[in-house]
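Peer 1: Can you keep this structure in mind? I'll have questions shortly.
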Ligand SMILES: C[S@@+](CC[C@H](N)C(=O)[O-])C[C@H]1O[C@@H](n2cnc3c(N)ncnc32)[C@H](O)[C@@H]1O
Ligand code: SF4
């Protein structure tokens, strides 16, 4: 099986046909007005994209570019980020916004030295009164250096999501990773030594391997999970390897030179993950995320889907709740645009309340596993009946209820164990057909006239 955007049967069909969006070019004045008018909540999350990596992994679907030892480019980029923060600060000063969560993803934020996070956090404190705390994504090879980890923590990094992926050399090589299993162990030790508050590790399964080798086996995945639970980490996130048309390894998978395990194995791996991590004391916080610290989780997907989220940096996406925007995916264009005092937004669209309700419901139910009716009403001002009951989406939920994939309770709707694999299919069909397609199209053209999704 190939986990690409066409391979989830009915769920791929629904993702391609039920969700349609058009991003268009928008003038600077209209951007300012749209952001102010649609940011209704007084608390927002903030995402900063760092689009640089030391090398590019074979199946990576993100907006990222290889960077050598060009520290000048990083310095220019962080200066541009600070200018962008200032521009948002000026625009939103009347709103008295509170920044609830600051997260840097990529790409590889751990490439940056601590002083750059200090600059970013100082700028956020100056413009939004934000607390000097930031969660970052990190690569094990950067964190095997203890002094670098202390430098990051001393400059405001409080949470880290580490891209371990696997403890198996063969799997790491198949993904095109530069680090070894020992680097990951060393990085985790360094994070504890430095006193980071919360550590998540990312793991990957359904890893493509050369067709003349054996495919990744269930036993290899089990060994990875067993190794992960032995470590003292707060959260374990497990992703199946998704294949986008624009990743390096796409043509190898398409030609059959490399192969992924079959669909039955995919299903078995999903339930094995659930059983091993739950019985080791990790509580499911998402369909792919398991946490040991009750009430905590390292994620931004809720913000991306539900808003409000201010997205900053080259390739970042933002969603105020009523307005969704994509920053340009070209680093030089991003830096130039911000230097000229402009918002570097390459395309944007308005999102009505009904679409927001469906995004919220989908995210809560098929990613977070539970939808609370009270929370939905608090977030959107109206109950579920108003948006969903008589719509196609309402009928879709009824079908899932009748087939035992979700359960209605008085306080909300719950994903069942039977529904877990369905939720995985829905989630990954959506990710591959919507956000990945958006990145693909904006990567092709830094300032497109119009982008149609899917
Ligand atoms: C932006 S990266 C994290 C930080 C760092 N760049 C790294 O890779 O270690 C986010 C995570 O996405 C996951 N990922 C990468 N390629 C993927 C793919 N093709 N399908 C699913 N998840 C993927 C990996 O688990 C990775 O840790
Ligand atoms: S998976 Fe992480 S390190 Fe690899 S190319 Fe993507 S963002 Fe960079």
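The values are calculated or read from the model by the stated rules, or taken from the named source; none is laboratory data. All values derive from a computational prediction rather than experimental measurement. So basically every Cβ, Gly included, is an ideal-geometry build from the backbone, and we count neighbours across all protein chains shown.
Peer 1: State yes or no: is residue 67 under 20 Å from residue 316 (Cα atoms) and either in contact (Cβ under 8 Å) with a residue 60 or more places away in the chain or within 16 Å of ligand 1 (Cβ to nearest atom) (or both)?
Peer 2: Taking the combined requirement at face value, the residue satisfies it.
Peer 1: Report whether or not residue 5 is under 20 Å from residue 311 (Cα atoms) and touching a residue at least 24 places away in the same chain (Cβ under 8 Å).
Peer 2: So residue 5 fails the test.
Peer 1: If you scan region 101-117, which residues turn out to be touching a helix residue (DSSP H, G or I) at 6+ places or on another chain (Cβ under 9 Å) and assigned to a strand (DSSP E or B)?
Peer 2: 101, 102, 103, 104
Peer 1: Now, a different point. So which residues in region 118-155 are assigned to a helix (DSSP H, G or I), within 16 Å of ligand 1 (Cβ to nearest atom) and within 29 Å of residue 43 (Cα to Cα)?
Peer 2: Across region 118-155, the qualifying residue is only 152.
Peer 1: Now for a separate question. Can you pull out every residue in region 31-63 that is in a loop (DSSP other than H, G, I, E, B), within 24 Å of residue 453 (Cβ to Cβ) and more than 16 Å from ligand 1 (Cβ to nearest atom)?
Peer 2: 39
Peer 1: May I pose another question? Counting residues that are surrounded by 16 or more Cβ atoms within 10 Å (Cβ to Cβ) and more than 16 Å from ligand 2 (Cβ to nearest atom), which helices (runs of 4 or more DSSP H) fully inside region 179-279 reach at least 3?
Peer 2: Result: 181-194, 218-230, 263-279.
Peer 1: Restricting attention to region 229-244, and to residues there that are in contact with a helix residue (DSSP H, G or I) (Cβ under 8 Å, 6 or more places away or on another chain) and within 12 Å of ligand 1 (Cβ to nearest atom), which single residue is farthest from residue 277 (Cα to Cα)?
Peer 2: 244
Peer 1: Just to be sure I understand the filter: pairs with C-beta atoms under 6 Å, separated by 6 or more residues or on different chains, first member in region 137-157 and over 15 Å from residue 177 (Cα atoms) and assigned by TED's automatic domain parsing to the domain that holds residue 191, second member within 15 Å of ligand 1 (Cβ to nearest atom) and at pLDDT below 95. Which pairs pass?
Peer 2: From residues that are over 15 Å from residue 177 (Cα atoms) and assigned by TED's automatic domain parsing to the domain that holds residue 191, the pairs are 137/106.
Peer 1: Can you tell me which residues in region 167-178 are more than 14 Å from residue 139 (Cβ to Cβ) and either modelled with pLDDT under 95 or within 16 Å of ligand 2 (Cβ to nearest atom) (or both)?
Peer 2: Correct list: 171, 173, 174.
Peer 1: Quick check on residue 78: is it touching a residue at least 12 places away in the same chain (Cβ under 8 Å), over 18 Å from residue 157 (Cβ atoms) and surrounded by 15 or more Cβ atoms within 10 Å (Cβ to Cβ)?
Peer 2: no
Peer 1: Sticking with this one: Taking residue 93, is it over 24 Å from residue 151 (Cα atoms), more than 16 Å from ligand 2 (Cβ to nearest atom) and over 20 Å from the mean Cα position of the chain (by Cα)?
Peer 2: So residue 93 fits the description; yes.
Peer 1: Please go through region 156-173 and pick out each residue that is away from ligand 1 (no atom under 12 Å from the Cβ) and crowded, with 24+ Cβ neighbours inside 10 Å.
Peer 2: Listed by number, the list holds a single entry, 157.
Peer 1: Every residue in region 1-30 that is crowded, with 17+ Cβ neighbours inside 10 Å, in contact with a helix residue (DSSP H, G or I) (Cβ under 6 Å, 6 or more places away or on another chain) and part of a loop (DSSP other than H, G, I, E, B), please.
Peer 2: 2, 5, 8 - these are the residues of region 1-30 that are crowded, with 17+ Cβ neighbours inside 10 Å, in contact with a helix residue (DSSP H, G or I) (Cβ under 6 Å, 6 or more places away or on another chain) and part of a loop (DSSP other than H, G, I, E, B).
Peer 1: Out of curiosity, is residue 66 within 16 Å of ligand 2 (Cβ to nearest atom) and buried (at least 19 other Cβ atoms within 10 Å of the Cβ)?
Peer 2: no
Peer 1: Another question about this same structure. In region 386-409, is there at least one residue being buried (at least 16 other Cβ atoms within 10 Å of the Cβ), part of a loop (DSSP other than H, G, I, E, B) and either assigned by TED's automatic domain parsing to the domain that holds residue 48 or modelled with pLDDT under 95 (or both)?
Peer 2: yes
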